[in-house]
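Remarks on the structure that follows.
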Amino acid sequence: MAPILKIRGLHARVEEREILRGVDLEIGGGEVHAVMGPNGSGKSTLAYVLAGRDGYEVTAGEVWYQGRNLLEMAPEERARAGLFLAFQYPVEIPGVTNAYFLRAALNAQRRQRGAPELDAMEFLNLAREKMKLLEMDPAFLNRPVNEGFSGGEKKRNEVLQMTILQPKLALLDETDSGLDIDALKIVSRGVNALRAPDRGVLLVTHYQRLLNFIVPDRVHVLAGGRIVRSGGKELAHELEERGYGWLEDGAVAGGRRA
Ligand SMILES: Nc1ncnc2c1ncn2[C@@H]1O[C@H](COP(=O)(O)OP(=O)(O)O)[C@@H](O)[C@H]1O
Ligand SMILES: [Mg+2]
């Protein structure tokens, strides 16, 4: 079976600046990978490039998603094909209720798969069940998407979207930031419930903390726009103790100081 995600030599620019400088990464079915790295190293850029966000220009390299050329797919096509990005800063959509938004997104995906659409009642039952898992108040369904939500509520709402949409590849960008320990545990429960042989998860995180709750199969360090180190979950603990400096120096010595 083709890997869920295969990135080869990916270079990308934002506003004329090269941020990604040759990223290689492969996620197999059932795997959870963590991408860690100092602030400004390009972690969010990597997630945005994969989701196809405007303004992020790929200049070289390849990305394969379940055997398909991801870079040739429009952003909404990527979403319909099961790629999901939970934002570092979730967007608010005034005037559109969470329930409406989620059902529209879910049904778009179901149409793509040739599955029957869910009516309002069926959707409500599904959403309530998922909200129980995340200990969310069902009243959230009737509120405009993320409007007036606290930081922690927005993060929880992103994970709700994810548990309802059941993506094949979930990208989570700093989903742990701004969460207290209880919320962190609940969010982790949602992500762990997603683990399945035909899914992959990419967790972007600055801190090791989240990885106590979602144990990754692989940990990668992004510095200077490249993966400078990969390892098992113990690498995250090493980073917690030693910081990133020792690896960043290596990245510079490794050849980009031209
Ligand atoms: N929209 C943008 N416009 C200009 N510069 C950007 C933009 N997005 C990211 N950058 C720059 O790209 C670099 C990497 O940013 P980012 O991917 O957000 O890093 P990280 O998520 O690892 O903290 C930073 O130097 C940042 O200033
Ligand atoms: Mg970021």
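Computed from the coordinates by the stated procedures, all read-outs in this text should not be read as laboratory data. Just so it is clear, the model here is predicted, and its values are computed rather than measured. Positions of Cβ are backbone-derived with ideal geometry, glycine not excepted, and every protein chain shown enters the neighbour counts.
For the residues GLY22, GLY37, GLY114, a GNM of the chain with alpha-carbon springs under 10 Å puts the largest fluctuation on GLY114. Top mean-square fluctuation among GLU16, GLU248, GLU26, Gaussian network model of the chain, C-alpha springs under 10 Å? The residue that fluctuates most here is GLU16. Residues whose amide H lies under 5 Å from that of LEU5, counting only those 5 or more places away or on a different chain, are ILE27, GLN66; hydrogens are built 1.01 Å from N in the peptide plane.
Seen from a random direction on average, the alpha-carbon convex hull of segment 98-243 projects onto 10.0 square nanometres.
Aspartates and glutamates near LYS130 by alpha-carbon distance under 14 Å, same-chain residues fewer than 8 away left out - which ones? Cα-Cα hits under 14 Å: GLU122, GLU158.
For the chain, modelled as a GNM whose springs connect Cα atoms under 10 angstrom apart, the maximal fluctuation among ALA196, ALA183, ALA115 occurs at ALA115.
The calculated FRET efficiency for the pair ARG17 and ASN212, based on their C-beta separation and a Förster distance of 30 Å, comes to about 0.30.
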